[in-house]
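The structure appears right after this line, and notes come after that.
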């Protein structure tokens, strides 16, 4: 009998893996697990260890809460931290350009907020 948590975990891993463009084989290799094991996880037949869950979270840029069904959405804090992590990895030469993009985005948000008030 499949455990509900394993079914949720498997469905979400599979969906995010496909969304990120990983084949099952490539993703299994990235996690250092067998393709057969990953198939069992994605079908809800098997669970994962905490160390494997951590690898999955990092590889899919998601949260453990989302993967195991605690949260149905990844939430503001997750996206905020994800953006910060991505920006911190950017080469310094590009940070000024990223800042300009964010300033432009900030302008768009301000305009939209002012328009909604009217």
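Read the figures in this text as sums done on the coordinates, not as results from a lab. If you're wondering where the values come from, they're calculated on a predicted model, not measured in any experiment. A quick note on method: Cβ atoms are made from the backbone with ideal geometry, for glycine too, and the neighbour counts reach across all protein chains shown.
Against the chain, whose longest principal axis is taken from its Cα atoms, helix 4-19 shows a tilt of about 60°.
Of the three principal axes defined by the Cα atoms of the chain, the extents in descending order read 56, 38, 22 Å.
Compared with the dominant principal axis of the Cα atoms in the chain, helix 50-60 is inclined by about 40°. For the chain, a Gaussian network of Cα nodes joined below 10 Å ranks 91, 106, 65 by mean-square fluctuation, and the top entry is 106.
For the chain, the mean residue ellipticity at 222 nm estimated from helices alone is -22000 deg cm²/dmol, where every DSSP H run of n ≥ 4 contributes -39500 (n - 2.57) and the total is divided by all residues, rounded to the nearest 500. Here each label is just a point 7 Å from Cα along the line to Cβ, and for residue 54 and residue 15 those points are 2.7 nm apart. Rounded to the nearest 10 degrees, the angle from helix 95-117 to the longest Cα principal axis of the chain is 80 degrees. Stokes-Einstein diffusion for the range 4-67 at 20 °C, viscosity 1.002 mPa s, with a Kirkwood radius from C-alpha pairs, works out to 190 µm²/s.
Comparing 18, 100, 86 in a Gaussian network model of the chain (Cα springs below 10 Å), the most mobile by mean-square fluctuation is 100.
What residue among 27, 37, 105 has the largest mean-square fluctuation in a Gaussian network model of the chain, using Cα springs under 10 Å? Fluctuation is largest for 105.
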